[in-house]
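Here the structure comes first, spelled out in structure tokens, and everything after it is commentary.
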Amino acid sequence: MTDLLGLEQAQARLLALAPLLPLESIPTEAALGRIIAEDIRAARTQPAADLSAMDGYALTPDEGPWTLVGESRAGAPFPGTLTPGECVRISTGAIVPQGADRVLLQEDAVRDESTVTATELPPPGRHIRLAGFDFRSGDLLLTRGTRITAGRMALALAAGHGQVTVTRPVRVAVMDSGDELASDPAHCLPHQIPASNAAMIAALIAPLGCEVVRIGPVPDDRAALAAALAQAEASDILITSGGASVGDHDLIKPALTDWGAQIAFWKIAIKPGKPLLVATRGSQVVLGLPGNPVSSFVTALLFALPLIRASQGDPDPLPKPETLRAGEDLPAVGPRREFLRAVRNGDHVRLAGSQDSSALSALAEADCLIDRPAHSPALHAGEPVPVFKLQNG
Ligand SMILES: Nc1nc2c(c(=O)[nH]1)N[C@H]1C(S)=C(S)[C@@H](COP(=O)(O)OP(=O)(O)OC[C@H]3O[C@@H](n4cnc5c(N)ncnc54)[C@H](O)[C@@H]3O)O[C@H]1N2
Ligand code: MOO
């Protein structure tokens, strides 16, 4: 087992192959989940002027009373300059007129026709958002490689950017293969199993916003696999599941070679997920995931998602573990690093059902994976363990 690649080595080798995608300019409003390919600097200052943070009265720096001389509304500023002893009605978001230096909260004001007095005198600057306090023109707001969230979308728009430059969507083909796979789960004979891996992988990668093409299920047959692979011609990344092991009918490796792909590496020292296969065909990257559904899931999480993130320009694409405490004793680990399906409860994690790599019931229950290093001894309940959250799970 020592000759098999370890997780980090395998991830590094895979990520080094991540395809470089062309850039495109798209409306900022359509950029949710996309990764920006250029730094975004403010093209304007926000707020562009001193604005009121409250509804009330903009006051000159006196003790009052003040004479009401007009109104400043959001979108319709007071045009003049206040002279001592004057005030204007002001609404939240409206420009504070020249001559005013504070805002009296409406609740603290007594108004008698055009005279305003304060029950509580506001200090200078009260309830005023100064021009540029959020950002100033030229400020660096979002760095290249940042994923657009709802808040970042709003920031880019507020900073004057109606368009952003991003990598074009990653085209991912997801294919499952195996003679035993039934495409209709409602019509599955005893020698069959419903095909569930490709749907699961497509669901795992969906939040990353790639263009997904589903292929298969494809029978274990070189000609059928060749025809299926032809459907992946235009993809940047091909993810296969099944047929990656050593059986007589595990044909993914030879089929990929027939297709013109070069095998980069095969088999890694993790459990589940040993028969992971990585190949390239020109700039295309092929990720051959093992067929056991939990093996497919775990390797998708540890390899497929990081590969897609890296292709999108994410500079930090790998999942990050957090440290929790074992909720029960955990057994010693063999030569392959193990990723145990587990359920989090506060800062403790307990194992979810069967740890067999075909057990979907345990996978469905799990919300995290406990990371157990190869050759580690048994561990007692309460000891710290690294855990990967199933953020897309
Ligand atoms: N002699 C050896 N046998 C096996 C080894 C080994 O090293 N030596 N490795 C085992 C490990 S570890 C794994 S993981 C599996 C993976 O093998 P394959 O990638 O070739 O997967 P298949 O044989 O095609 O399928 C395994 C299992 O998963 C089911 N499956 C496959 N595809 C789907 C799908 N799309 N949806 C649902 N279920 C699927 C399939 O029916 C099998 O039950 O190999 C071990 N064997
Ligand atoms: O790697 Mo296999 O995934 O142990 O079942």
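The values are calculated or read from the model by the stated rules, or taken from the named source; none is laboratory data. Treat the numbers as computed from the prediction; the structure is a model and nothing was measured. Positions of Cβ are backbone-derived with ideal geometry, glycine not excepted, and every protein chain shown enters the neighbour counts. SASA here: full protein model, heavy atoms, side chains in, ligands and nucleic acids out. Shrake-Rupley method; radii C 1.70, N 1.55, O 1.52, S 1.80 Å.
Before moving on, here are some points about what is shown:
- For first residues located in the range 141-158 and of a type in the set (S, T, N, Q), partners that are in a loop (DSSP other than H, G, I, E, B) and lie 6+ apart or on another chain with Cβ distances below 8 Å form the pairs THR143/ASP39; THR149/LEU32.
- Residue in the range 246-262 that is closer than 20 Å to LEU7 by Cβ and modelled with pLDDT under 95 present: no
- Output for the range 240-261, where each listed residue is within 11 Å of ligand 1 (Cβ to nearest atom) and touching a helix residue (DSSP H, G or I) at 6+ places or on another chain (Cβ under 8 Å): THR240, SER241, GLY242, GLY243, ALA244, LEU251, ILE252
- Of the strands (runs of 3 or more DSSP E) lying entirely inside the range 23-86, the ones with 2 or more residues being closer than 24 Å to LEU121 by Cα are found at 56-59, 66-72.
- Within the range 131-144, the set of residues being touching a strand residue (DSSP E or B) at 6+ places or on another chain (Cβ under 6 Å) and open to solvent by less than 30 Å² (accessible area, probe 1.4 Å) comprises PHE135, LEU142.
- Pairs, first near ligand 2 (Cβ under 9 Å from one of its atoms) in the range 262-274, second among the acidic types (Asp, Glu), C-beta under 7 Å, six or more apart: LYS271/GLU338
- Residue match in the range 215-237 (condition: within 16 Å of ligand 2 (Cβ to nearest atom) and either outside the structural domain of ALA31 (by TED's automatic domain parsing) or in contact with a Leu (Cβ under 6 Å, 6 or more places away or on another chain) (or both)): no
- Pick from the range 326-350, criterion buried (at least 16 other Cβ atoms within 10 Å of the Cβ) and away from ligand 2 (no atom under 16 Å from the Cβ), ranking: nearest to THR299 (Cα to Cα): ALA342
- Residue list for the range 109-124, restricted to those being surrounded by 12 or more Cβ atoms within 10 Å (Cβ to Cβ), modelled with pLDDT of 95 or more and assigned to a loop (DSSP other than H, G, I, E, B): PRO122
- Candidates LEU390, LEU379, LEU318 - the one that is more than 25 Å from the chain's Cα centre (by Cα) and more than 16 Å from ligand 2 (Cβ to nearest atom): LEU379
- Single residue of GLY216, GLY178, GLY160, GLY209 found to be in contact with a strand residue (DSSP E or B) (Cβ under 6 Å, 6 or more places away or on another chain) and on the phi > 0 side of the Ramachandran plot: GLY216
- Once the range 157-187 is narrowed to residues that are closer than 28 Å to GLY247 by Cα and in a strand (DSSP E or B), the residue that is nearest to ligand 1 (Cβ to nearest atom) is ASP176.
- The single residue among ALA264, ALA269, ALA279 that is surrounded by 24 or more Cβ atoms within 10 Å (Cβ to Cβ), touching a helix residue (DSSP H, G or I) at 6+ places or on another chain (Cβ under 9 Å) and either of a type in the set (Val, Ile, Thr) or more than 20 Å from LEU208 (Cβ to Cβ) (or both) turns out to be ALA279.
- Only one of PRO194, PRO207 that is surrounded by fewer than 21 Cβ atoms within 10 Å (Cβ to Cβ) and touching a Cys at 6+ places or on another chain (Cβ under 6 Å): PRO194
- In the range 90-108, the residues that are assigned to a helix (DSSP H, G or I) form no Cβ pair under 7 Å with any partner that is at pLDDT below 95 and of a type in the set (A, V, I, L, M), whether six or more places apart or across chains.
- Scope the range 342-380; condition of a type in the set (Lys, Arg) and out of contact with any Phe, Trp or Tyr (no Cβ under 9 Å at 6 or more places or on another chain); matching residues: ARG344, ARG350
- Count - residues of the range 186-218 that are among the polar types (S, T, N, Q), in contact (Cβ under 8 Å) with a residue 40 or more places away in the chain and farther than 21 Å from GLN231 by Cα: 0
- The range 70-104, subset among the aliphatic types (A, V, I, L, M) and in contact with a Pro (Cβ under 7 Å, 6 or more places away or on another chain), residue farthest from MET54 (Cα to Cα): LEU82
- Only one of the numbered conditions (1) open to solvent by less than 40 Å² (accessible area, probe 1.4 Å); (2) over 22 Å from CYS210 (Cα atoms); (3) modelled with pLDDT under 95 is violated by ILE128, and that is (3).
- In this structure, ALA342 does not satisfy being under 23 Å from the mean Cα position of the chain (by Cα) and closer than 19 Å to LEU305 by Cα.
- Residues considered: SER245, SER295. Of these, the only one that is under 25 Å from the mean Cα position of the chain (by Cα), within 12 Å of ligand 2 (Cβ to nearest atom) and either part of a strand (DSSP E or B) or not acidic (Asp, Glu) (or both) is SER295.
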